[in-house]
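Only one structure is covered here, and it is reproduced in the block below.
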Amino acid sequence: MKKIDIIIFHSQLLKFGGVDTFVYNMIKKLRDYYNITFLYKTADKENLSRITKLTKVEKYTESKKYICDVCIIASAWGGYPDSVISKSNRYIQVVHADYIRAKEVDFEYQKWGKTTEHVGVSEQVCKVFKKLYPNEKITRIYNILDEVQETKPILKLVSATRVSKEKRI
């Protein structure tokens, strides 16, 4: 049986962060069941190297036409891949934050014109998204976590760096 071709796009893969961890874990969980291509515009070399070990990776080129069965947009940071064509017309955009709180730090959600559905990483994210965009389809999937910790704990620190308005803290 032929595997479904999925393109996962992230405009800016950082060294660390929630969206970046989500992308890595999603690819790791789905790679045995789907043909995945990870497309990006800019990327941290170390994080990109980790993903390259899991799946096909390609830097996005606007002039190139990419064909897939399903396209997943990992975030709402903009810079969308307009030359990606989904044969099934499924363009899924992942929502990671409470957009009411995110507005307090000047984040403005801009829906990609091709998006046909949204996936939220928590019940709260979906609830807020539905309140702001009642005509949009959103489905909750909990944030994808990896059961295998790939780093050895050396020092445990408690940090308030993740405290922010968009996280409702």
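Please treat every number below as a calculation from the coordinates, not as lab data. Predicted, not measured: the structure shown is a model, and the values here were computed from it. Cβ placement follows ideal geometry from the backbone for every residue including glycine, while neighbour counts extend to all protein chains displayed.
Between LYS64 and TYR33, the C-beta separation translates, for a Förster distance of 25 Å, into a calculated FRET efficiency of about 0.45. Taking the empirical scaling 2.2 N^0.38 Å for compact globular proteins as reference, the stretch 13-52 has a Cα radius of gyration ratio of 1.10.
Each other residue within a Cβ distance under 10 Å of LYS127 adds +1 if Lys or Arg and -1 if Asp or Glu, for a net charge of +1. Cross-link check: pairs LYS41/LYS130; LYS53/LYS131; LYS45/LYS103; LYS2/LYS53; LYS15/LYS114 evaluated at a Cα-Cα cut-off of 32 Å; pairs beyond the cut-off: LYS53/LYS131.
Amide H contacts of VAL57: PHE38, each under 5 Å away and 5 or more positions distant or on a separate chain (H built 1.01 Å from N in the peptide plane; Pro and chain starts excluded). Local charge for LYS41 was computed over the other residues whose Cβ lies under 15 Å away, with Lys and Arg +1 and Asp and Glu -1, and equals -2. Extending 7 Å from the Cα toward the beta-carbon at both LYS127 and TYR142 defines two label points whose distance is 1.6 nm. Modelled spin-label separation between ARG50 and TRP77, with each label point placed 7 Å from Cα along the Cα-to-Cβ direction: 1.4 nm. Across the stretch 19-31, rounded Karplus estimates of 3J(HN,Hα) from the backbone phi angles (6.51 cos²θ - 1.76 cosθ + 1.60, θ = phi - 60°) give 5, 5, 5, 4, 4, 4, 5, 5, 4, 4, 6, 9, 4 Hz, Gly and Pro being marked x.
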